[in-house]
Amino acid sequence: MSTLFDPVQAGDLQLANRIVMAPLTRNRSPNAIPPDLAATYYSQRATAGLLITEATAISHQGQGYSDVPGLYGTEQLDAWKRVTDAVHAKGGKIVVQLWHVGRVSHTELQPDGGKPVAPSAITAKTKTVLIKDGVPAFVETSEPRALDAGELPGIVHGFAVAARSAVETAGFDGVELHGANGYLLDQFLKDGSNKRTDDYGGSIENRARLLLEATRAVVDAVGGGKTGIRLSPVTPANDVHDSNPQPLFTYVVKQLAQLNLAYIHIIEGATGGPREIADRPFDYEALKAAYREAGGKGAWMVNNGYDRPLADEAVKEGDDLVAFGKPFISNPDLVRRLRENAPLNELDKATMYGGGAKGYTDYPALG
Ligand SMILES: Cc1cc2nc3c(=O)[nH]c(=O)nc-3n(C[C@H](O)[C@H](O)[C@H](O)COP(=O)(O)O)c2cc1C
């Protein structure tokens, strides 16, 4: 019987254990360039079986918060190469989370101050972070404009280009498409945010089209064995909702099963909140079974509110990988602490978004 601390293969990725650092936005990348400290931050955490970077914009249009990194400029790629080199020097594995925020943005962050883009012109009832003079402020997202169907191939291409640059130039071991948390791909999936009447709206097949096209393009660019995807079937994060998520996500994972992906990453419940939502029931075991029955061989990664006992239970029940978010912010040596059942450092919420070394690279490891 496997444990959390046993190695596992996820596509091309040979992982030393089943503990994954979840993607964590830290807003410390002015001009969308990861700071030198990012190499320290990620390499401090390299004992994780896999590190997933903070969400990283595939284009300027794909950016929705101040001081988040990108993957579309030379300086950005050079900075990421320093990060991947530092992680590899410690024997770690790292993939980058590919991000297009869609409507979760602000005109101040968009090229030429334009409107953020979305499947439909519906403003998300959510906030984004603008950092002014080093001080983060939460502000309402701007009203978006609906994307023209003719613009969608460019977005799909953007995912593929970013994936290729990530692997070939920045030295990542792979990529994760951000299909979760109410960002662009999730906005297209769910009928609360997608009211389109063309081939990208309406039926489940149509709403899943953009996510599947982007995933296939990334697979063509870097190979399925280096590609993962994150999904959040019922999260209310960023004001998304689907009226019938079980058949929607069943269709999605059955299609993904044909792409020989490295892994499927599922956020169970409300991201960072309750694992069960009373008015949004969802059967995750049935979702996993549908993926396996459709021939899906990728690793099954779960996330949200895991601790050691819950993670042990998940691995026992056949989940391959468990992603930890907040515990990895405050515990660079989380793998060791979980193994030894050692106490965890407390998270300082004030330094999660923005700032420098404090609350980033200064959390202590066990002596
Ligand atoms: C500070 C912070 C930043 C986050 N940034 C991202 C992100 O960039 N991409 C993403 O998919 N999820 C992001 N999340 C969600 C986490 O990956 C994770 O799903 C969530 O924290 C629940 O896992 P946990 O209970 O282990 O913390 C973020 C969460 C936090 C607390």
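Here, each number is a calculation from the coordinates, and none is a lab measurement. Note that the coordinates shown come from a computational prediction; the quantities given were computed from them, not determined experimentally. No Cβ is skipped: glycine too gets one built from the backbone with ideal geometry, and neighbour counts run over all protein chains shown.
Out of all the residues in region 145-182, which are assigned to a loop (DSSP other than H, G, I, E, B) and away from the ligand (no atom under 16 Å from the Cβ)?
Step one: of region 145-182, the residues assigned to a loop (DSSP other than H, G, I, E, B) are 147-148, 169-173, 180-182.
Passing the criteria: Leu147, Asp148, Thr169, Ala170, Gly171, Asp173.
Find the residue count for region 99-130, including only residues that are in a strand (DSSP E or B) and out of contact with any Asp or Glu (no Cβ under 7 Å at 6 or more places or on another chain). Write out each step before concluding.
Step one: list which residues in region 99-130 are in a strand (DSSP E or B), which gives 99, 117-118, 127-130.
Right, trim to out of contact with any Asp or Glu (no Cβ under 7 Å at 6 or more places or on another chain) and you get 99, 117-118, 128-129.
The total comes to 5.
Just to verify a result, which residue in region 255-274, among those that are touching a helix residue (DSSP H, G or I) at 6+ places or on another chain (Cβ under 6 Å) and not aliphatic (A, V, I, L, M), is farthest from the ligand (Cβ to nearest atom)? Spell out the reasoning first.
Let us first name the residues in region 255-274 that are touching a helix residue (DSSP H, G or I) at 6+ places or on another chain (Cβ under 6 Å), namely 255, 257, 259-262, 268, 271.
Filter again for not aliphatic (A, V, I, L, M), leaving 255, 260, 268, 271.
Numbers: Gln255: 21, Asn260: 23, Glu268: 9, Thr271: 5 Å.
That would be Asn260.
One line per residue, one yes/no per condition, for (1) aromatic (Phe, Trp, Tyr); (2) in a loop (DSSP other than H, G, I, E, B):
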position	(1), (2)
Gln14	no, no
Pro23	no, yes
Pro35	no, yes
Ala38	no, no
Tyr41	yes, no
Thr47	no, yes
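Identify the single condition in (1) surrounded by fewer than 20 Cβ atoms within 10 Å (Cβ to Cβ); (2) of a type in the set (S, T, N, Q); (3) in contact (Cβ under 8 Å) with a residue 24 or more places away in the chain that Asn304 does not satisfy, given that it satisfies every other one.
(1)
Which residue out of Ile229, Ile264 is touching a Lys or Arg at 6+ places or on another chain (Cβ under 9 Å), hydrophobic (A, V, I, L, M, F, W, C) and buried (at least 24 other Cβ atoms within 10 Å of the Cβ)?
Details: Ile229 fails: touching a Lys or Arg at 6+ places or on another chain (Cβ under 9 Å).
Answer to the check: Ile264.
Residues are listed down the side, and each one gets a yes or a no for (1) touching a helix residue (DSSP H, G or I) at 6+ places or on another chain (Cβ under 7 Å); (2) touching a residue at least 24 places away in the same chain (Cβ under 8 Å):
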{"position": "Glu276", "(1), (2)": "no, no"}
{"position": "Gly296", "(1), (2)": "yes, yes"}
{"position": "Lys316", "(1), (2)": "no, yes"}
{"position": "Leu338", "(1), (2)": "yes, yes"}
{"position": "Lys358", "(1), (2)": "yes, no"}
{"position": "Tyr363", "(1), (2)": "yes, yes"}
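Check Glu340 against each of (1) more than 30 Å from Val83 (Cβ to Cβ); (2) more than 14 Å from the ligand (Cβ to nearest atom); (3) not basic (Lys, Arg) and name the one condition it does not meet.
Condition (1) is where Glu340 drops out.
Among the residues of region 217-238, are any more than 20 Å from Lys297 (Cα to Cα), of a type in the set (A, V, I, L, M, F, W, C) and not in a helix (DSSP H, G or I)?
Yes, region 217-238 contains a residue that is more than 20 Å from Lys297 (Cα to Cα), of a type in the set (A, V, I, L, M, F, W, C) and not in a helix (DSSP H, G or I).
In this structure, is Gln246 of a type in the set (S, T, N, Q), within 22 Å of Arg209 (Cβ to Cβ) and crowded, with 16+ Cβ neighbours inside 10 Å? Steps first, answer last, please.
On the way: of a type in the set (S, T, N, Q): yes; within 22 Å of Arg209 (Cβ to Cβ): yes; crowded, with 16+ Cβ neighbours inside 10 Å: yes.
Yes.
Do the conditions hold for Val68, that is, is it more than 21 Å from Gly359 (Cα to Cα), within 12 Å of the ligand (Cβ to nearest atom), outside any helix (DSSP H, G or I) and within 17 Å of the chain's Cα centre (by Cα)?
Values: more than 21 Å from Gly359 (Cα to Cα): no; within 12 Å of the ligand (Cβ to nearest atom): yes; outside any helix (DSSP H, G or I): yes; within 17 Å of the chain's Cα centre (by Cα): yes.
No, not satisfied.
Name the residue, out of Lys349, Lys316, Lys297, Lys288, that is within 11 Å of the ligand (Cβ to nearest atom) and of a type in the set (Lys, Arg). It would help to see each step written out before you state the result.
On the way: Lys316 fails: within 11 Å of the ligand (Cβ to nearest atom); Lys297 fails: within 11 Å of the ligand (Cβ to nearest atom); Lys288 fails: within 11 Å of the ligand (Cβ to nearest atom).
One residue alone meets the criteria, Lys349.
Count, please, the residues in region 84-111 that happen to be free of Cβ contacts under 8 Å to residues at least 60 places away in the same chain and under 19 Å from Glu168 (Cβ atoms). Reasoning before the result, please.
Residues of region 84-111 free of Cβ contacts under 8 Å to residues at least 60 places away in the same chain: 86-87, 89-90, 92, 105-111.
Subset that is under 19 Å from Glu168 (Cβ atoms): 86-87.
Of the residues in that region, 2 qualify.
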